[in-house]
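The values are calculated or read from the model by the stated rules, or taken from the named source; none is laboratory data. Computed from a prediction, not measured in an experiment: that's the story for all the values here. Here the Cβ positions follow ideal geometry from the backbone for every residue, glycine too, while neighbour counts run over all protein chains shown. Heads up: the accessible areas ignore ligands, DNA and RNA and are worked out on the full protein's heavy atoms, side chains in. Shrake-Rupley method; radii C 1.70, N 1.55, O 1.52, S 1.80 Å.
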Amino acid sequence: MNRIEGRVKVTGLATYAAEYPVENVTYAFPVQSQIAKGRVRHVDAQAALAMPGVLTVLSGEDPPPLASGAGELALFQSREVAYRGQIVAAVVADTYENARAAAAVVRVDYDPDDHDVSLRADHPGLYKPDHVNPAYPTDTEKGDIEAGLARAAAVVDVTYETPVLHNNPMEPHAALASWDDEGRLLVYDTAQGTTLSRNTLAKVFGLPKERVRVVSRHVGGGFGSKGTTRPQAVLAAMAARAVGRPVKLVLTRQQMYDVTGYRTPTIQRLRIGADAEGRLTALEHVAYEQTSTLEEFAEQTATPTRIMYAAPALRTAHRLVRLDVATPSWMRAPGECPGMYALESALDELAYALGMDPVELRIVNEPETEPDRGLPFSSRNLVGCLREGAHRFGWEQRDPAPGVRREGEWLIGTGVAASTYPARRSPSKARAVVQDDGDVLVQVAAADIGTGARTALTRIAAEALGLAPERVHVELGDSDLPEAPVAGGSMGTASWGSAVVRACEELKSDGREGTADTTEEVQGDAAFSRHAFGAQFAEVRVSSVTGEVRVSRLLGVFAAGRIVDAKLARSQFIGGMTMGMGMGLMEETLTDEEFGGFLRRDLAQYHVPACADVLDVEAVWLDERDSELNPMASKGIGEIGIVGTAAAIGNAVYHATGHRVRELPITPGKILMF
Amino acid sequence: MKPFDYTRAASAAQAVREYAPGTMYLGGGTNLVDLMRLGVAEPDRLVDVSRLPLDTIESVRDRVRVGAAVRNTDLAVDPMIRARYPMLARAVLTGASGQVRNVATVAGNLLQRTRCAYFQDVTRPCNKRRPGSGCPAIAGDHTNLAIFGASEACVATHPSDMAVALAALEAEVHVTGPGGDRIIPMPGLHRLPGEEPERDTVLEPGDLITAVELPPPPTGATVYRKVRERASFAFALVSIAAVLDVGEDGVVAGCRIALGGVAHAPWRAERAEQALIGGPATGEAFLRAAEAELEQAGPLPRNAYKVPLTRNLIVSTLEGLAS
Ligand SMILES: Cc1cc2nc3c(=O)[nH]c(=O)nc-3n(C[C@H](O)[C@H](O)[C@H](O)COP(=O)(O)OP(=O)(O)OC[C@H]3O[C@@H](n4cnc5c(N)ncnc54)[C@H](O)[C@@H]3O)c2cc1C
Ligand code: SF4
């Protein structure tokens, strides 16, 4: 289906958080820490207060009260500085320009301490977190790794590294907050979930949930960075309370790099052994990652290794270190994305060590049940994806020898990697009601962050009701609607859709209205290992003169349950794969070791693929039947596209050049310095 | 952004008369306005020179005069430029994006400032932005910075593609200013950082660029090639503008090599040129010439890749031109 909101978006009529017309509005602009660690000694607001239009300056000098006192959202509640770029004060003024100009003259004096912003695998501060995001065990171990390696015919012991990466949604994080006479808070926020954002704000301000409303009708991309409530929402609400007028706050692109989360850098060591037939004898994956001193975020980097391949000895572990950095957070496929990059690259190395085809190596190690917990898979078609992809891509003709295909100065190579992503769902509510004109209104506090959720839910409801999609109207993006989980973890459609189907079923029997709450239904889901799988194939051309890498072909074959809408699904898959290409070849935020914080905080310096990089990206899917999932029989598709792409590209670069770059991104410089 | 006054000049002479300390000329604003938003540039006053009647491309006898206010796009698509100076059209087209090129002017392009990350961030030290504050790039991020002609004070690169082609074409930059008119031959406009990294060029305060004049096209084959990890909309890691004239006897009669992304100015590889002229046009000779040039390279740990990159690029480009 075409996007329902396509027309309002391309004609500029879609209203985003910062665009709501609100009377008497004022503007806030943050002041950010210029040290990476220490204490704010004094905030001198005098000069700023004397500037034109300035209404107030907020800071830790006179901390505006908040009900919760710790973490990234506890603005001004402490004088401790946890990272460079942290918000330490804010100016509220009558115009954006006045607020920004005054913010520049707020004087902040610090007592700086020595900072440490560098992740190392031998960092003395490494520790084992209690669990990894969202609630996985930190470590798993079965069988004897050392014995497995000892009896292996081939062993790889390799370390892969991934850099700090940033989500770069087109729409900057923004909030427009106002309090009414009864002390109720309304926030137009850039939220991937209005229910969660409302609950978070209620907690931060010590309000009952009923007194907070969050509205996010259109969100211009999020990828995870808008999944948790960000400081701009708290700051706008706090400032609005302080000045007694609505406050608008739009972060600059640079500020987004500082305070809206990022993908942790990782150092990942893989030790894999296999017998002469390629069957794994041992598989160990240890991930080293960072978090901040404010909050713990432990990315689940090694978790995909728990479900991918059969191995009698299987160990995964995560170690974390608290650095003087901002708290990392969700970025498209947290865990699976960097973890599968390392696993699937190491597997390619193993295939070469064994002299075996990498597609065959994966097929040989296909498990019957989930390797980690022994659970049956609700459905698993990795082998089907590999075979279908190999066939479509022309893999059969591939000569595995690296560094031998050449067209002029360009070396050509192909690579393969597997993809996976969990197929979860969470409880959601929904309501469906027949309107006066006979059309049906469906309400759910879902979020459409550019994914097409509104369109997918319309289609799901129309199918459940047996109506034409034009006769169904989905209302979402408002916490006053029936409560729903965030657009995250690739479970939005599965969760909201389940509730929408149930509400529509009830409407059909009631004739007028139906409501649903899927809490019980979801809790009753049988114990299965539920995952989508895929296989990605890349062809690259690498200049032997310049080290430039161009991806001439990229094919993804996915098995992700029933595909609700082909057009929407294709966009998600190829969007994910394109983002994976960025991760493989260009995306990297540098940490400034000397001063703390990040460097290259804009889109001129942080490169994502341009149209000219995206030459031939194709996504197809298998017809997968899985009745254990949800009423739509669907698996989430928002994240799996980015999983495996970087490995497929890296493996292709090796095939082209004979050079194994184990540190993303694979830049010309790294290829030339081999 | 600091508040500023704005005026639009009607003529070059008036623009220069309007000049006072704290004044900056405004072209398309694609670089200057960005820097003002970042607080890197803080003019009191802008004199808009983008609509001066300096927006034509004219052939004057065997030369071509390009007005300072000609938009980058108009330069790149001009039939005369494309026919006679294809290397220049190519260089301009590899820069920025269509939208940026539509507003960017020739003078603004020449005078755009470095993309060094520290320079663009007013919360960090930078000798170029705040003289004497230090150069954190040397110990920090210099991945895309200079390997030639840098100093202890600054290792920045000049980011323009167009300027590299103009250096190879030996264009002349026409300037008018409080001190009168003068002509600066390329690559002489930009200077090396030395002790004064705050000065990008040899221009004096108030100098206004009025035109760029192109001498007759050089004899021989020409090309512009730009290396970048993203296929479009990225500054050069290294770029090359080269001219090679090989006589029927296989001897190099003329050779010009200008490099971008390697120095504080477009870098004419004079040692390489000298090594080649009068000798054979062979791969071996090209390699020796490239190596002669790179003897003076002073790479830092994170930009050491530019040494093999520059070498390969020189050799491969000359081989392409010779065949
Ligand atoms: C995202 C992005 C990517 C880019 N990528 C590239 C790239 O790949 N390659 C590349 O070469 N460039 C690139 N650019 C830079 C672009 O080419 C320059 O911004 C542009 O050429 C500047 O021209 P302008 O007319 O807008 O200059 P302005 O921004 O108006 O001015 C730049 C400077 O020139 C001065 N000035 C302007 N006119 C005159 C005059 N007549 N006399 C004296 N001084 C004058 C101004 O005072 C100012 O200091 C990129 C820019 C952006 C934003
Ligand atoms: S290289 Fe030059 S521009 Fe960059 S930080 Fe050093 S002095 Fe500043």
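Take the Cα of A:Ser509, step 7 Å toward its Cβ, do the same at B:Val122, and the gap between the two points is 6.6 nm.
Entry for the protein assembly as shown at q = 0.08 Å⁻¹: log10 I(q)/I(0) = -0.86, Debye formula applied to identical alpha-carbon scatterers, no solvent contribution.
What the phi angles of the stretch A:521-537 give under the Karplus curve with 6.51, -1.76 and 1.60, with θ = phi - 60°, is a coupling list of 4, 5, 4, x, 4, 5, 7, 10, 8, 10, 8, 8, 10, x, 9, 10, 10 Hz, glycine and proline written as x. Inter-part distance, the stretch A:451-478 to the stretch A:177-215, computed on C-alpha centroids, equals 26 Å. Volume per residue for the stretch B:221-322 equals 91 cubic angstrom (convex hull of Cα atoms). Shape of chain B from its Cα gyration tensor (a ≥ b ≥ c, root eigenvalues): rounded if a/c is under 1.5, otherwise prolate when a/b > b/c, or oblate? Since a/c reaches 1.5 but b/c is at least a/b, the shape of chain B is classed as oblate. All other residues with a Cβ under 10 Å from the Cβ of A:Leu73 taken together, and with Lys, Arg as +1 and Asp, Glu as -1, what is their net charge? Net charge around A:Leu73: 0. When chain B is treated as a GNM with alpha-carbon contacts under 10 Å, the residue of B:Ala163, B:Ala304, B:Ala83 showing the greatest mean-square fluctuation is B:Ala83.
Restricting the calculation to alpha carbons of the stretch A:135-269 gives Rg and Dmax of 21.6, 74 angstrom. Per q in 0.14, 0.24, 0.26, 0.27 Å⁻¹, report the Debye log10 I(q)/I(0) for the stretch A:1-59, using one uniform scatterer on each alpha carbon and no solvent. Relative scattering, expressed as log10 I(q)/I(0), comes to -0.69, -1.08, -1.16, -1.19. Sequentially through the stretch A:339-355, phi angles give Karplus couplings (6.51, -1.76, 1.60; θ = phi - 60°) of x, 5, 4, 6, 4, 6, 6, 5, 5, 5, 5, 5, 4, 5, 4, 8, x Hz, Gly and Pro residues having no value and appearing as x. If R0 is taken as 22 Å, the Cβ-Cβ distance between A:Leu603 and A:Glu19 corresponds to a FRET efficiency of 0.55. On the stretch B:188-267, 51 percent of the accessible area sits on carbon and sulfur atoms, based on a 1.4 Å probe. In the stretch A:530-570, burial by the other protein chains removes 30 Å² or more of 1.4 Å probe accessible surface, compared with the chain on its own, from A:Val545, A:Thr546, A:Glu548, A:Arg550. In the Gaussian network model of chain B, springs joining C-alpha atoms below 10 Å, which of B:Ser160, B:Ser133, B:Ser151 carries the largest mean-square fluctuation? For chain B, modelled as a Gaussian network with Cα springs under 10 Å, the answer is B:Ser133. Taking θ as phi - 60° and the Karplus parameters 6.51, -1.76 and 1.60, the scalar couplings of the stretch A:502-514 work out to 5, 5, 5, 4, 5, 4, 4, 7, 7, x, 10, 8, x Hz in sequence order, x denoting glycine and proline. For the peptides A:608-619, A:124-135, A:471-482, the ranking by mean Cβ contacts within 10 Å, running from highest to lowest, is A:471-482, A:608-619, A:124-135. Element breakdown for chain A at a 1.4 angstrom probe: carbon and sulfur atoms account for 49% of the accessible area. The residue among A:Gly221, A:Gly183, A:Thr194 whose Cα reaches farthest toward the positive pole of the charge dipole of the stretch A:180-235, with charges on the beta-carbon of Lys, Arg, Asp and Glu, is A:Gly221. Spin-label model, A:Glu277/A:Glu470: points 7 Å from Cα along the beta carbon direction are separated by 6.0 nm. Based on Cα contacts under 8 Å between residues 6+ apart, chain A shows a relative contact order of 16 percent.
When both the stretch A:225-288 and the stretch A:311-348 are represented by their alpha-carbon centers, they are found 13 Å apart.
Using a Förster radius of 51 Å, what is the FRET efficiency between B:Ile277 and A:Asp139 based on their Cβ-Cβ separation? Nearest 0.05, please. Plugging the Cβ-Cβ distance into 1/(1 + (r/R0)^6) gives 0.15.
Chain A against chain B buries an accessible area of about 2700 Å², both chains summed, 1.4 Å probe radius. Calculation over all alpha carbon pairs of the stretch A:429-523 in 5 angstrom steps from 0 returns a P(r) of 3, 16, 29, 28, 17, 7, 2, 0 percent. For the stretch B:5-50, a Kirkwood hydrodynamic radius built from all Cα pairs, placed in the Stokes-Einstein relation at 25 °C and 0.890 mPa s, yields a translational diffusion coefficient of 231 µm²/s. In percent, rounded to a whole number, the relative contact order of the stretch A:429-523 is 38, using alpha-carbon pairs under 8 Å and six or more apart. Simple point charges give the picture: +1 on the Cβ of Lys and Arg, -1 on the Cβ of Asp and Glu, and for the stretch A:569-627 a dipole about the Cα centre of about 180 debye. Each principal axis of the Cα cloud of the stretch A:560-674 was taken in turn, and the coordinate range along them, longest first, works out to 53, 36, 27 Å.
For chain A, the Cβ-based charge dipole about the Cα centre amounts to some 460 debye (Lys, Arg positive; Asp, Glu negative; other atoms uncharged). When the accessible area of each residue in the stretch B:223-251 is compared between its chain alone and the complete protein assembly (1.4 Å probe; ligands, DNA and RNA ignored), which residues differ by at least 50 Å², being lower in the assembly? Residues losing area: B:Arg225, B:Glu229, B:Arg230, B:Ala231. Per residue, the accessible area of the stretch A:444-596 comes to 30 Å² when a 1.4 Å probe rolls over the protein heavy atoms.
Taking all Cα pairs closer than 8 Å and separated by 6 or more residues, the relative contact order of the stretch B:5-50 comes to 58 percent.
In chain A, the calculated helix contribution to ellipticity at 222 nm averages -7500 deg cm²/dmol per residue, counting -39,500 (n - 2.57) for every DSSP H run with n ≥ 4.
Going from the chain on its own to the full set of protein chains, the stretch A:590-616 has these residues losing 40 Å² or more of accessible surface (heavy atoms, 1.4 Å probe, no ligands, DNA or RNA): A:Phe595, A:Leu599, A:Arg600, A:Gln605, A:His607. Across the alpha-carbon atoms of the stretch B:12-84, the computed radius of gyration and Dmax are 15.1, 45 angstrom.
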